[in-house]
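Student: Structure in structure tokens, see below.
Nothing in this text is a laboratory measurement; each read-out follows from the coordinates by a stated rule. These numbers were taken from a predicted model, which means no experiment stands behind them. Cβ placement follows ideal geometry from the backbone for every residue including glycine, while neighbour counts extend to all protein chains displayed.
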Amino acid sequence: NAGVMQNPRHLVRRRGQEARLRCSPMKGHSHVYWYRQLPEEGLKFMVYLQKENIIDESGMPKERFSAEFPKEGPSILRIQQVVRGDSAAYFCASSPPGGVFQPQHFGDGTRLSIL
Amino acid sequence: QKEVEQDPGPLSVPEGAIVSLNCTYSNSAFQYFMWYRQYSRKGPELLMYTYSSGNKEDGRFTAQVDKSSKYISLFIRDSQPSDSATYLCAMNRGGSYIPTFGRGTSLIVHP
């Protein structure tokens, strides 16, 4: 029973390049969430997606950042023209569908380093 | 004032001690309360979650919610060096899918 899978675990990019982070939710989960974590800081919500829909992107920077969760395949967090300030750990979480509250389960993150 | 306050620590205790980790919050609409454990270089791992006030026990862990005081606690009995990690509290408003996280408390259990 695989958990939330994120890849790559580590990603190094030079300033101005694009970063693509992938997340496969737990089996049976259709809700995906992306968070950013900086050292000594808590988890900051970025975006919440369901299949083919962005539900809440209130935590996502307006420029350079985008996310998708296609009908087939993993969810993708895309950062264009990366800058040094984008260096952080990015975590994906998932939860099952349904109206009753279900807590989120996290992957082990992608650590993004910008040179 | 942040919605969820959590002392970052570090909290250092000897092996076998009872550990108390706490969060306070300001939003009375929070109804669901979670505790996550995060080891270095890993993702948060769900330990326990509770709905509304009361206690919930799972092995060496007990989660306690006091909504009247807006205060939640996680107790760890017979603490082990393997419990050394950062513990994050999180809470949700009813009807919301997005939890609000505390900063996390770093716990060190020394042999």
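Student: Excluding A:L38 itself, what net charge comes from residues whose Cβ is under 12 Å from its Cβ, given Lys and Arg +1 and Asp and Glu -1? It would help to have the intermediate numbers written out before the result.
Tutor: Details: positive: A:R36, A:K44, A:R111, B:R103; negative: A:E40, A:E41, A:D86.
Result for the local shell: +1.
Student: Now for a different question. Kindly write out, for the range B:63-68 in residue order, the coupling ³J(HN,Hα) from the Karplus curve 6.51 cos²θ - 1.76 cosθ + 1.60 (θ = phi - 60°), rounded to whole Hz, with x marking Gly and Pro.
Tutor: Listing the rounded values in order: 9, 10, 10, 10, 5, 5 Hz.
Student: Next up: In whole Å and largest first, what semi-axes does the C-alpha gyration tensor of the range A:2-69 yield when each eigenvalue is scaled by 5 and square-rooted? Could you put the intermediate results ahead of the total?
Tutor: Numbers: eigenvalues 80, 50, 37 Å².
With the √(5λ) rule applied to the range A:2-69, the semi-axes are 20, 16, 14 Å.
Student: Tell me the chymotrypsin sites (Phe, Trp or Tyr not before Pro) within the range B:20-107 that lie in a loop according to DSSP and have at most 15 other beta-carbon atoms within 10 Å. Display every interim value, and only then the final one.
Tutor: Values: sites: B:Y25, B:F30, B:Y32, B:F33, B:W35, B:Y36, B:Y39, B:Y49, B:Y51, B:F61, B:Y71, B:F75, B:Y87, B:Y97, B:F101; in loops: B:Y39, B:Y97.
Those satisfying the criteria are B:Y39.
Student: Now a separate question. Restricting attention to the range A:35-69, which chymotrypsin sites (Phe, Trp or Tyr not before Pro) occupy a DSSP loop and are surrounded by at most 10 other Cβ atoms within 10 Å? Let's see the in-between values first.
Tutor: Working: sites: A:Y35, A:F45, A:Y48, A:F65; in loops: none.
Counting only loop positions with at most 10 other Cβ atoms within 10 Å, none of the chymotrypsin sites (Phe, Trp or Tyr not before Pro) in the range A:35-69 qualifies.
Student: While we're here: Under a 5 Å amide H to amide H cut-off, with H placed in plane at 1.01 Å, what residues pair with A:D56 once short-range neighbours are removed?
Tutor: The answer is A:Y48.
Student: Still on this structure: Provide the gained length on full extension for the span A:Q102 to A:I54, in nm with one decimal, where the gain is 0.36 nm per separating residue minus the Cα-Cα distance. Intermediate results must be reported in sequence, preceding the final value.
Tutor: Details: separation 48, 0.36 × 48 = 17.28 nm, distance 1.89 nm.
Stretched fully, the A:Q102-A:I54 segment lengthens by 15.4 nm.
Student: Quick check: Cα centre of the range B:24-38 to Cα centre of the range A:23-47, how many Å?
Tutor: Using only Cα atoms to place each centre, the spacing works out to 17 Å.
Student: Subtract the Cα-Cα distance of B:A29 and B:K67 from 0.36 nm times their separation in residues, and report this length gain in nm to one decimal. Can you show the working numbers first?
Tutor: On the way: separation 38, 0.36 × 38 = 13.68 nm, distance 0.98 nm.
Length gained, B:A29 through B:K67: 12.7 nm.
Student: Using only the Cα atoms of chain A, what do you get for the radius of gyration and for Dmax, in Å?
Tutor: 13.5, 43
Student: Determine the sum of side-chain charges near A:L115: Lys and Arg each +1, Asp and Glu each -1, restricted to other residues whose C-beta is under 11 angstrom from that of A:L115. Could the numbers behind the result be given before it?
Tutor: Working: positive: A:R13, A:R14, A:R15, A:R84; negative: none.
Charge balance near A:L115 sits at +4.
Student: At q = 0.10, 0.11, 0.14, 0.16 Å⁻¹, work out log10 I(q)/I(0) for the protein assembly as shown with the Debye formula, treating every Cα as an identical point scatterer and leaving solvent out; two decimals please.
Tutor: Scattering profile of the protein assembly as shown, log10 relative to I(0): -0.46, -0.56, -0.90, -1.13.
Student: Give me A:V47, B:V13, A:V32, A:V12 ranked fewest to most by other Cβ atoms within 10 Å of their Cβ, as a rough exposure proxy. Each step should come with its number before you reach the end.
Tutor: Values: A:V47 23, B:V13 17, A:V32 26, A:V12 13.
Result, fewest neighbours first: A:V12, B:V13, A:V47, A:V32.
Student: Name the GluC sites (Glu not before Pro) in the range A:14-110 that are in a loop by DSSP and that have at most 14 other C-beta atoms within 10 Å, would you? Please report the intermediate quantities before stating the final value.
Tutor: On the way: sites: A:E18, A:E40, A:E41, A:E52, A:E57, A:E63, A:E68, A:E72; in loops: A:E18, A:E40, A:E41, A:E52, A:E57, A:E63, A:E72.
Answer by residue number: A:E18, A:E40, A:E41, A:E52, A:E63, A:E72.
Student: Still on this model: Provide the percentage of antiparallel DSSP beta bridges, counting only those with both residues in the range B:7-111; round to the nearest 5. Let's see the in-between values first.
Tutor: Working: 36 of 40 bridges.
Of all bridge pairs located within the range B:7-111, approximately 90 percent are antiparallel.
Student: Could you compute Rg(Cα) / (2.2 N^0.38 Å) for the range B:12-111, with N its residue count? Please report the intermediate quantities before stating the final value.
Tutor: Working: Rg = 13.3 Å, N = 100, 2.2 N^0.38 = 12.7 Å.
With N residues counted in the range B:12-111, Rg over 2.2 N^0.38 Å equals 1.05.
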